[in-house]
Structures are given as C-alpha cells and as structure tokens.
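Down below is the structure, laid out as structure tokens.
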C-alpha cells in the first residue's frame, strides 16, 4: 500500500513519502472529468507548437518543473529538475526561441526591477551589502563605480536607472557558473544556481522568471557535443576555473521550447498530472468554453 501511494505521488508531482497528507488526498479526490480536461488542454497546447524544428528541442515544462532534451530518434537523451518563476508576479513565460550560445562563469546583470525592489532597500539597511554579495555598481558602459560603500548620489542614480548593478562571476553568483542563451523579448534564459537544495522540493517555483537547471554541466556538454574540444571534463573546467564571462557559440542553434502542460505521457505510457500553478489551464478552458471563433490564448 505504501509503495502504491508513493507511485501515485510521483505521478502527481508530490513528494513520494507514502503518507496520506492533504495534497495527496486532494489529488486522490480529483474527479475523472478534471483529468480528461487536463489531457485536452495538453493536446491543445501541443497543437500550437511549430512542427518544423530543424533539430529536436530542449523542452521545459513549467508545471512539471522538468527539462527534457531529445535525441535524433525522438527519445529522451537528458532529463533534469528545474526551478521556474514564482507563481505570484514572476511567472516564466511560454514561448519558443533558438539557443545560440553558452556563457561560462557569467556576470549577473541585475534587472532594474530587482535593483529597485530588492537591492536598493538592502543597500539602505546594510552598508556592506555590495561587498558581501559580490556585487558592483557600474555605469551604462560597464565602468565600475563602486563595489563597496555607496554614496547618496550613487543611490540616487541607481533609483533613476542611470547606474546598474551586476554580480561578479563565481560560485556564489545567482546565475551559478553557466548560462544558456536564447535571445528573447522576455529576457529569460536557462542557468545554473548555487541554491542546489531547491531541486529536491516537489514544487519548484522560486525564481524571478528565468529557469535554473539541476545538471548544467551535462546540459552544456550535450549542447556542445559536436565540438570535440568541449567534453564534459572541459565543461566542468570552464565552469570551475576558466576565464570569466567566456562565451561559446553553438555550431547550430538549438530550439528551446518553454511549454505549459499539466498532463504528460511518459515514454513508458504512464500519465502524470501536475497542478495548474499559473492558472493557465483555467484561463484556456474559459476561452474554449465560449466556442469558436477563438481569440488568441
């Protein structure tokens, strides 16, 4: 019985502890018509995807908190947990773009919204905040203004957006030791993270919108496998001790698909269901219930 409960929990995005907690009971009591609706929604969203990818994509499923990489025979070549944007205010968008390059030991250029909402209040309270967090303040050209004390004038220019904040490369950098770039209007990308403990959580919406990956070295090695120099050992070396902010272009762009599916059929035929964390299924169903013609959803 315990093994059966654990299996059920793993199929529903829950911590497989074998206990009948409130979340497990909620999933057990979900009516069949809701599950059918989730499958319908998943099929609808698959229909929206391009069917002419030049290479098989890297796919991130937001409600599942999982990234998959597909091999030429359409099998899963790599799978890992991810952390996505918070369900309140920081949702990861759904879109598809081509990954074009990787950056080892990147700087983190802090978005203005985070500077305004988090960095500036911290600077006001703690004069040593910049040094402790390995941040530096620069002008628009990247010239360093300060990495320690912050004057009232510098603070005013930060508030106005004239100055910028970035975090220096290294193991404590919020982007970790590598980022995967597929230029897009959302300024969203994949990256590693020093906060490894979050990958063990069953619900993993903790980021500001970008996607943190559990196995960054393996992902980088897979993406660079056509370039003999970039073995897994070479990737690890570039992450740990290579030059800062080192950009490596992919020989061919690789499609990245950020999708939202609350129902997934695994390779073994098992169906898994996940919570509608952003409410996208609810909104889709409200539109579809009105019948055609359908507006953009």
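Might you check whether a residue that is assigned to a helix (DSSP H, G or I), in contact with a helix residue (DSSP H, G or I) (Cβ under 9 Å, 6 or more places away or on another chain), surrounded by fewer than 17 Cβ atoms within 10 Å (Cβ to Cβ) and modelled with pLDDT under 95 occurs anywhere in the stretch 196-215? Walk me through how you get there before you give the answer.
Kept after step one, since they are assigned to a helix (DSSP H, G or I), are these residues of the stretch 196-215: 196-200.
Narrowing further to those that are in contact with a helix residue (DSSP H, G or I) (Cβ under 9 Å, 6 or more places away or on another chain): none.
Looking for residues that are assigned to a helix (DSSP H, G or I), in contact with a helix residue (DSSP H, G or I) (Cβ under 9 Å, 6 or more places away or on another chain), surrounded by fewer than 17 Cβ atoms within 10 Å (Cβ to Cβ) and modelled with pLDDT under 95, one finds none in the stretch 196-215, hence no.
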Checklist entry - Within the stretch 88-108, is even one residue loosely packed, with under 13 Cβ neighbours inside 10 Å, farther than 29 Å from residue 55 by Cβ and out of contact with any helix residue (DSSP H, G or I) (no Cβ under 9 Å at 6 or more places or on another chain)? => result yes
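Residues being on the phi > 0 side of the Ramachandran plot and surrounded by 20 or more Cβ atoms within 10 Å (Cβ to Cβ): count how many of those fall in the stretch 43-85.
Our first condition is that a residue be on the phi > 0 side of the Ramachandran plot; within the stretch 43-85, this holds for 65, 74.
From what is left, the residues that are surrounded by 20 or more Cβ atoms within 10 Å (Cβ to Cβ) are 65.
Selection size over the stretch 43-85: 1.
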Item to check | Residue identified as in contact (Cβ under 8 Å) with a residue 40 or more places away in the chain and farther than 17 Å from residue 188 by Cβ among 53, 70, 95, 65 | outcome: 53
Checklist entry - What's the number of the condition residue 105 fails, among (1) on the phi < 0 side of the Ramachandran plot; (2) at pLDDT 95 or above; (3) touching a strand residue (DSSP E or B) at 6+ places or on another chain (Cβ under 8 Å)? => result (1)
Next on the checklist: Against the conditions (1) touching a helix residue (DSSP H, G or I) at 6+ places or on another chain (Cβ under 7 Å); (2) touching a residue at least 24 places away in the same chain (Cβ under 8 Å); (3) surrounded by fewer than 19 Cβ atoms within 10 Å (Cβ to Cβ); (4) outside any helix (DSSP H, G or I), where does residue 176 fall short? Just the number, please.
Outcome noted: (3)
Item to check | Unmet criterion (only one of (1) at pLDDT 95 or above; (2) assigned by TED's automatic domain parsing to the domain that holds residue 78; (3) surrounded by 12 or more Cβ atoms within 10 Å (Cβ to Cβ)) for residue 5 | outcome: (2)
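Here is a yes/no grid of residues against (1) touching a residue at least 60 places away in the same chain (Cβ under 8 Å); (2) in a strand (DSSP E or B):
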site: 114; (1), (2): yes, no
site: 121; (1), (2): no, no
site: 124; (1), (2): no, no
site: 137; (1), (2): no, yes
site: 140; (1), (2): no, no
site: 157; (1), (2): no, no
site: 162; (1), (2): no, no
site: 166; (1), (2): no, yes
site: 169; (1), (2): yes, no
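Listed residues 236, 285; which is out of contact with any strand residue (DSSP E or B) (no Cβ under 7 Å at 6 or more places or on another chain), touching a residue at least 40 places away in the same chain (Cβ under 8 Å), farther than 23 Å from residue 207 by Cβ and in a helix (DSSP H, G or I)? Break it down stepwise before answering.
Values: 236 fails: touching a residue at least 40 places away in the same chain (Cβ under 8 Å).
Just a single option satisfies the conditions, and that option is 285.
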Item to check | Matching residues, the stretch 216-238, being buried (at least 20 other Cβ atoms within 10 Å of the Cβ) and out of contact with any helix residue (DSSP H, G or I) (no Cβ under 6 Å at 6 or more places or on another chain) | outcome: 216, 219, 223, 224, 238
Checklist outcome for this item: Exactly one of 13, 21, 4 is more than 21 Å from the chain's Cα centre (by Cα) and under 23 Å from residue 205 (Cα atoms), and that residue is 21
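The values are calculated or read from the model by the stated rules, or taken from the named source; none is laboratory data. Source: prediction; values computed, not measured. Neighbour counts run over all protein chains shown; Cβ positions are idealised from the backbone, glycine included.
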